[in-house]
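Working notes, structure below.
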Amino acid sequence: MQIPPSPIRPLLRKLLIRGLAAVDASTAVCQAISRNGEELRIGRRRYDLRRYKQVVVVGAGKATASMAQAIEQRLGPLLDHGLVVVKYGHDLPTKRIVVAQAGHPVPDQSGQQAAARLCARASELGRRDLLIVLLSGGASSLLPSPVPGVTLADKQRTTRELLRCGANIREMNAVRKHLSRIKGGRLAELTKATVVTLILSDVLDDDLSVIASGPTVPDPTTYQEAMAVLKRYRIWRAVPQRVRRHLDRGCQGLVSETPKPGTSLFRRVYHHIIGNNAAAVTAVTRAAREAGLRTLVHTPAFTGEAREAGKRFGTLAKKIMWGGKRLQRPYCVVAGGETTVTVTGNGTGGRAQEFAAAAALEISGLAKVWVVAIGTDGTDGPTDAAGAVVDGNTVARAQCLSVDLKGALKRHNTYPALKRLHQLIITGPTGTNVNDLYLIFVL
């Protein structure tokens, strides 16, 4: 883990390690699953493996290689085979489960090929088989399986428009589910097996229908809602004609809806959330208090535009410093969240970097004040940075180096600016993905 040199570096490293360890995908799977002979326990449910002809694992997400390793360890020779799909560079060695790599956040041909293989494995299973599905953040992009009449290129263009327009994950996935043969409960619909899904949640309220676009969950959204999202963000005419035609046909009842709540097929489908953002926030908070900091958890979690959220967090730091009731140092604020970025232009950055840059402008001139923003998966936007740490001197340092931080934020080009200022945090793939963490330090 590369953290810029500063007085808080040892403390920040300790807190981040604790937070990430609390939601480590491998550890979470091992805690959720145990086996006693041929009895498998997942959460509070027990499965007699003698009743099943095959035990098969499929899945997708940035953290599913770690999850696959752990489930191999738990099941041993009782696991027949499996396939999971991860983002390029997030693979790990496995024995019985194949780990395929694919594109994220924009789906690619490798993902489409892996999705076809995954669907084929699931559809071959019968009533006496057990299908374990592993899901973590990123699965929606990693499993592109376009409906008939829509091409991969159509989904790529639609995804790019959704990523740039500022739609939140719930809105994006409403569209994705209605263009897919896997999402929105369709994976569960494909198979006759008993399905058990282990989920590392990257959705703040742990809504099962939103996480990974809910491939094994009944879908409450409709074609009308998917169309409304594209029109609300004024990208209806920007998406391909084949996408518009399919959604139009869905609204007219000419193509089938995703399976809805109450559908009988979900009686054989079970779900277990094994980690989430709240667990990471709790672990960081506990570590900060153990380190002697007076620590507050900020609620609710941050959502909305990253720059606006970062500005509010920076303003909170100023209030701590200059408010009517001065708080005794050392002080720490911990928050979670998932913000969005409405992109204009062709800059390079990510939501955590925008959050940090906006906060830096607010805390400019404050002594011994730092703001941290980091994506728990280790990748913030299409960059090699997990996030950034800024302080009260960041803006002054930028001026000395002729770095236009405010302009970079406006152009969504924060990565080059923060890299030149040596403010980026680099972790590499972390083996988890539970949204973002934000911290204020006042020492």
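Here is how the numbers come out for the structure above:
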quantity: The chain: C-alpha pair distances exceeding 36 Å, %; calculated: 29 percent
quantity: 9 Å beta-carbon shell around Val403, net charge (K/R +1, D/E -1); calculated: +1
quantity: log₁₀ of I(q)/I(0) at q = 0.12 Å⁻¹ - region 1-96, Debye sum with one point per alpha carbon; calculated: -0.50
quantity: Zero-based 5 Å bins, Cα pair distances in region 181-270, whole percents; calculated: 3, 13, 21, 21, 18, 13, 9, 3, 0
quantity: Rotationally averaged projected area of region 283-424 (alpha carbon convex hull; nm²); calculated: 8.4 nm²
quantity: Inter-part distance where region 30-106 and region 228-251 are each reduced to a Cα centre, Å; calculated: 36 Å
quantity: Largest to smallest accessible area among Thr340, Thr216 [probe 1.4 Å]; calculated: Thr340, Thr216
quantity: Violating pairs (Cα-Cα greater than 31 angstrom) within the set Lys155/Lys406; Lys183/Lys231; Lys62/Lys419; calculated: Lys155/Lys406
quantity: Antiparallel bridges, percent of DSSP beta bridges restricted to region 10-96 (to nearest 5); calculated: 60 percent
quantity: Segments 168-176, 2-10, 298-306, 135-143 sorted - mean Cβ within 10 Å per residue, highest first; calculated: 135-143, 168-176, 298-306, 2-10
quantity: Pairwise Cα inverse-distance average, inverted: Kirkwood Rh of region 1-160 (Å); calculated: 17.3 Å
quantity: Cα pair distances of region 242-352 binned at 5 Å [whole percent]; calculated: 2, 9, 11, 11, 12, 12, 11, 10, 7, 5, 5, 3, 1
quantity: Accessible surface, region 260-396, averaged per residue in Å² (probe 1.4 Å); calculated: 41 Å²
quantity: In degrees, nearest ten, helix 109-123 long axis to first principal axis of the chain (Cα); calculated: 40 degrees
quantity: Helix 152-165 vs. the chain, principal-axis angle (Cα, 0 to 90°, nearest 10); calculated: 30 degrees
quantity: Mean Cα-pair separation over length for region 27-119, i.e. relative contact order, pairs under 8 Å, 6 or more apart, %; calculated: 21 percent
quantity: Cβ crowding within 10 Å averaged over residues, with 403-411, 367-375, 253-261 ranked highest first; calculated: 367-375, 403-411, 253-261
quantity: Net charge of Cβ neighbours under 11 Å - reference Leu247; Lys, Arg +1; Asp, Glu -1; calculated: +3
quantity: Candidate residues Glu161, Glu72, Glu308, Glu354: accessible-area rank, largest first, probe 1.4 Å; calculated: Glu308, Glu161, Glu72, Glu354
quantity: Nearest-ten-degree value, helix 223-232 long axis tilted from longest Cα axis of the chain; calculated: 20 degrees
quantity: Additional length obtainable on full extension of the chain from Arg237 to Gln224, 0.36 nm per residue less Cα span; calculated: 3.1 nm
quantity: Accessible surface, region 134-198, averaged per residue in Å² (probe 1.4 Å); calculated: 27 Å²
quantity: Cβ-defined net charge surrounding Thr339, 10 Å radius [Lys, Arg +1; Asp, Glu -1]; calculated: -3
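The values are calculated or read from the model by the stated rules, or taken from the named source; none is laboratory data. Bear in mind the structure is a predicted one, so any value in this text is a computation, not a measurement. For neighbour counting, all protein chains shown are included, and Cβ atoms are generated from backbone atoms with ideal geometry for every residue, glycine included. Side chains are part of the model used for accessible areas, which takes the heavy atoms of the whole protein and leaves out ligands, DNA and RNA. Shrake-Rupley method; radii C 1.70, N 1.55, O 1.52, S 1.80 Å.
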